[in-house]
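Below you'll find the structure, written out as structure tokens, and then a few comments.
The values are calculated or read from the model by the stated rules, or taken from the named source; none is laboratory data. Please read these numbers as outputs of a predicted model, since none were measured by experiment. With ideal geometry, Cβ positions are generated from the backbone for all residues, glycine too; neighbour counts draw on all protein chains shown.
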Amino acid sequence: MPTDTKTNPFKPAQPRIPGVPDASPETKPQDSLPKSAPAVPEFPHEPARAPHPRVASPLAPSRSPVLIWIGLAVGIAIIVGAAGVVWWAHKSSAQPASGASTLSDTAAATPDAAKPPQKLPVAPGEIATAGELSKPWSSKRFSFHNRLTAENIDAIAVRLPGGALWGISLREPYGTCELQYVTDLAAILSQYKFPADHPMVVNPCTGAVYDLARYGSGPNGLVRGEIVHGGAVRPPIGIEVVARGNKIVATRIE
């Protein structure tokens, strides 16, 4: 008797192949595979990649000595730097003490260097005592205030043999060089080539030598300080010096 089988028009019957069982519609193709079958790779044409074994770097063994040498170099540099700082600090602290001792030794060796220059007496007026100019050729420096020019002129007073007093301006006549009163006869001979037998007045700029024991021609007559050596215009400018009791007084300038 024929079986009444309804055919779904949207699902046509699958052809049957002899020897192949029919697949159940509820069974999926994956479910038909045995559970022990291995999973098929997603890309069956590529072989499975085995993990690469870790290969040690050829530089790995040499890193340890390099780090050791770097550490040693850094340590040596730190030690040398610290030693240099200590040496510099020690030298800096010792230097001022050395300098101070040197200055103190110099001051002790030259006590007169710290003294202020002696103030010269100013004339017209008293310039010395009789005791300061008691011996022949003794001298005393002073400053003479010229009222005509309102300037102070360096001068010197000399006790001459026989007791006479004479003063001169130490400024070169008609010049700016400073005259010098020299008592060292050997120096007069060696520097000015003049055989003096007593102190002389000299001009270091022109080499002239003046003798206060003699008179020479001045613009107003005879003036002490004849020119005995070298070239000069006239004797030094004279200043009148007199004794008044125990005082030596300079009164006027030529």
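Could we say that Ile168 is over 24 Å from Leu120 (Cα atoms) and either of a type in the set (Val, Ile, Thr) or in a strand (DSSP E or B) (or both) here? Judged against the criteria, Ile168 is not a match. Within this structure, Ala196 passes the test of being in a loop (DSSP other than H, G, I, E, B) and free of Cβ contacts under 8 Å to residues at least 40 places away in the same chain. Looking at (1) assigned to a loop (DSSP other than H, G, I, E, B); (2) modelled with pLDDT under 95, which is the one condition that is false for Pro236? Among (1) assigned to a loop (DSSP other than H, G, I, E, B); (2) modelled with pLDDT under 95, Pro236 violates only (2). Residue pairs whose Cβ atoms lie under 6 Å apart, sitting 6 or more positions apart in sequence or on different chains, and linking a residue in segment 204-230 that is without any contact (Cβ under 8 Å) to a residue 12 or more places away in the chain to a partner that is buried (at least 16 other Cβ atoms within 10 Å of the Cβ) and not in a strand (DSSP E or B), do not occur here. Any idea how many residues of segment 208-237 are of a type in the set (D, E, K, R) and under 18 Å from Arg159 (Cβ atoms)? Looking only at that region, the number is 3.
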